[in-house]
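Heads up: the structure comes next, in structure tokens.
Any read-out appearing in this document is the output of simple, stated calculations on the displayed coordinates, not a laboratory observation. Note that the structure is a prediction, hence the values are computed from the model and not measured. So basically every Cβ, Gly included, is an ideal-geometry build from the backbone, and we count neighbours across all protein chains shown.
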């Protein structure tokens with residue numbers, strides 16, 4: 001279950017403290033977009049000198065290199081690195097498995113809130129979509145700034161709760177940093193999703209929360225399992241051989257995701273649900289380059 005509004009506010013406050021030390025890796029990408037403070041791929045008016053070229057009719061005379069003209073008698077232009085606002089397209093998987101356990105629900109919300117907070121702190125142009133099954137919903141800035149997004153997520157209706165999240169249907173912007181927050185717990189090829197995160201010169205990354213009850217289990221005997229998405233119950237006897245097959249399949253599932261993501265230049269960082277949020281991000285996301293520390 002998605003945490004209550006009071007808990008959401010507490011989580012947001014804790015995330016804001018972490019965002020003083022860690023942020024999205026904006027400086028590792030060349031941007032194109034609206035005016036801002038990050039280096040772009042074009043020519044602009046910042047103080048970061050880039051190159052010279054010959055003067056052309058219509059050029060701004062303020063950028064003429066008068067010292068060079070005094071030496072050579074030819075007009076040349078000083079070129080400066082364009083400064084732009086990064087584009088961030090955030091997709092938050094609000095499938096029930098993301099909130100099945102209290103610990104994992106908190107970490108899922110923290111990851112979502114961290115991306116939002118980091119984008120805003122660096123004045124990025126942020127667009128956020130919720131996905132659940134075949135449905136996706138764009139959040140307005142007003143809803144995103146409060147806790148109302150949780151009501152929007154809870155109100156999303158899906159015909160098939162076990163359907164793969166409709167990430168490929170999200171209208172991503174060209175050249176955007178595309179961040180997908182999802183546990184990736186669905187039996188399908190990752191190709192469609194990692195392709196959507198990387199096409200049109202997008203820089204994709206996946207932040208995947210996980211709980212110890214998924215990754216480090218010691219099941220034994222007759223047990224009743226509950227499907228996190230549709231709530232159905234299944235009784236199963238678990239013996240050592242079956243447990244070993246599960247743990248092997250679980251590990252291979254995420255190795256498959258990471259292999260597919262690497263082919264498309266998409267980062268995948270798994271984030272444990274246990275422990276403090278800052279340490280959880282530093283465990284893998286920092287090493288993988290999905291977040292960076294302030295200089």
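Summary of values
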{"quantity": "Separation of the residue 248 and residue 69 label points, Cα + 7 Å toward Cβ, nm", "calculated": "7.6 nm"}
{"quantity": "Of all DSSP beta bridges in the chain, antiparallel share, percent nearest 5", "calculated": "50 percent"}
{"quantity": "Full-stretch length increase - residue 238, residue 163 - with 0.36 nm per residue and alpha-carbon distance subtracted", "calculated": "24.3 nm"}
{"quantity": "Sorted by Cβ density within 10 Å, fewest first, the residues 62, 278, 14", "calculated": "62, 14, 278"}
{"quantity": "Simple spin-label estimate for residue 10 and residue 212 in nanometres, 7 Å along Cα-Cβ", "calculated": "2.0 nm"}
{"quantity": "Pairwise label distance in nanometres, residue 263 with residue 120, each label 7 Å out on the Cα-Cβ vector", "calculated": "3.9 nm"}
{"quantity": "Cα-based convex hull, the chain, per residue volume (Å³, whole number)", "calculated": "152 Å³"}
{"quantity": "Least to most buried among 64, 2 (fewest other Cβ within 10 Å first)", "calculated": "64, 2"}
{"quantity": "Added length on full extension, which subtracts the Cα-Cα distance from 0.36 nm per residue, residue 102 to residue 173", "calculated": "22.2 nm"}
{"quantity": "Residue order, fewest to most beta carbons within 10 Å, for 66, 149", "calculated": "66, 149"}
{"quantity": "Tensor-based shape of region 92-211 (alpha-carbon gyration tensor, a/c under 1.5 rounded, otherwise prolate or oblate)", "calculated": "rounded"}
{"quantity": "Cα gyration tensor shape for region 102-158, rounded if a/c is under 1.5, else prolate or oblate", "calculated": "oblate"}
